Amino acid sequence: MAEEYRLFFALELPAGVKDSLAQIQRRLKASRADVRWVRLESIHLTLKFLGNVEAGRVEELISAAGPAAAACPPLRLRPASAGCFPRLMSPRVVWTGLEGDLEPLGRLAAGLEAALAELGFPPEGRPFSPHLTLGRVKSSRGRVELIETVRGLWDFQGPEFTARELILFRSQLDPAGAVYTPLRAVPLGQD
């Protein structure tokens, strides 16, 4: 059987942005809610999760992503606000949103989605919602305190950054949390 990789396309975050997210996580952790917090080095902006894919398809995926990446200029973005999926009062995922070049980001995600659908990767069943996952709620313990803390972060703004490449990552599951390895990068705006 061919080797498989668990893959996704994402934008990487610079260290300064991750530092600001560390501050937000510290405030959220003070709620003592039962949340599995994402390690800072693992926080990124996912554009398309592919799941298990034959390792030999990496080049095909990079080629498919090329036109969508080339059509998208480098993106100026910043983390902003905080929230929960599916909704604030019943949190399962705690996140921070993004501000900035969201229209071109949405076009990049749609272009990537369309190109990968042609390769047999089914489209997402919901609209693209750019966010950075900070943690996943494990139980209702501390939920009220968590919700209040999230409400107190609605005015949060992190530092602005410029995303210049789309990265294909490999995800390896580990008891301590997933380990993400960048496999290939595709520059943005390189028509």
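The values are calculated or read from the model by the stated rules, or taken from the named source; none is laboratory data. Please read all numbers here as calculations on a predicted model, not as lab measurements. Neighbour counts run over all protein chains shown; Cβ positions are idealised from the backbone, glycine included.
Quick rundown of the values:
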quantity	calculated
Subset tally (residues that are without any contact (Cβ under 8 Å) to a residue 12 or more places away in the chain and more than 21 Å from D155 (Cα to Cα)) for the range 60-106	2
Where R32 falls short, out of the listed (1) on the phi > 0 side of the Ramachandran plot; (2) surrounded by 18 or more Cβ atoms within 10 Å (Cβ to Cβ); (3) not aliphatic (A, V, I, L, M)	(2)
Residues located in the range 11-33, provided they are out of contact with any Pro (no Cβ under 9 Å at 6 or more places or on another chain) and small (G, A, S)	A15, A22, A30, S31
Criterion violated by L108 - all others in (1) surrounded by 15 or more Cβ atoms within 10 Å (Cβ to Cβ); (2) closer than 30 Å to E148 by Cβ; (3) under 15 Å from the mean Cα position of the chain (by Cα) satisfied	(2)
Filter result (at pLDDT below 95, under 17 Å from A22 (Cβ atoms) and touching a Ser or Thr at 6+ places or on another chain (Cβ under 6 Å)) within the range 157-179	none
Condition met for R39 (among the basic types (K, R), modelled with pLDDT of 95 or more and surrounded by fewer than 16 Cβ atoms within 10 Å (Cβ to Cβ))	no
Selection count, the range 83-112, where residues are among the aliphatic types (A, V, I, L, M) and modelled with pLDDT under 95	2
Residue count, the range 81-104 (criterion: closer than 20 Å to L134 by Cα and either surrounded by 18 or more Cβ atoms within 10 Å (Cβ to Cβ) or of a type in the set (D, E, K, R) (or both))	12
